[in-house]
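Taking it in order: structure first as structure tokens, then the write-up.
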């Protein structure tokens, strides 16, 4: 078993073997930010120094939402976000 895999297991990682744990030290996730994209979408990246290396190895999909996350966003976060936006835009 590779050294990294053994270390992951010893630290209690829940990511299956062969799957990178991008929250290993926490710096990558702590540095995640978003801003308006040039195409009208949302640009997501991380300020962590390993970001370029990680996106080079795993692609930019590491910032994407899973199907489960999208469902949770639509049902939990989106209604609250829309309410806050309406309040900010129309209550002044």
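Search the range 25-38 for residues being outside any loop (DSSP other than H, G, I, E, B) and closer than 23 Å to residue 9 by Cα, and hand back the single one that is nearest to the chain's Cα centre (by Cα).
29
Please determine, by comparing only the residues of the range 5-35 that are at pLDDT below 85 and within 16 Å of residue 63 (Cα to Cα), which one is surrounded by the most Cβ atoms within 10 Å (Cβ to Cβ).
This residue is 22.
Could you run through the range 46-62 and say how many residues are surrounded by 11 or more Cβ atoms within 10 Å (Cβ to Cβ) and more than 17 Å from residue 25 (Cα to Cα)?
Number of matching residues: 2.
Residues of the range 39-80 being part of a loop (DSSP other than H, G, I, E, B) and at pLDDT 85 or above, which ones?
Within the range 39-80, 47, 48, 49, 50, 59 meet the criteria.
Can residue 61 be described as within 10 Å of the chain's Cα centre (by Cα) and within 22 Å of residue 7 (Cα to Cα)?
no
The values are calculated or read from the model by the stated rules, or taken from the named source; none is laboratory data. Please read these numbers as outputs of a predicted model, since none were measured by experiment. Using ideal geometry, Cβ is built from the backbone for each residue, glycine included, and neighbour counts are taken over all protein chains shown.
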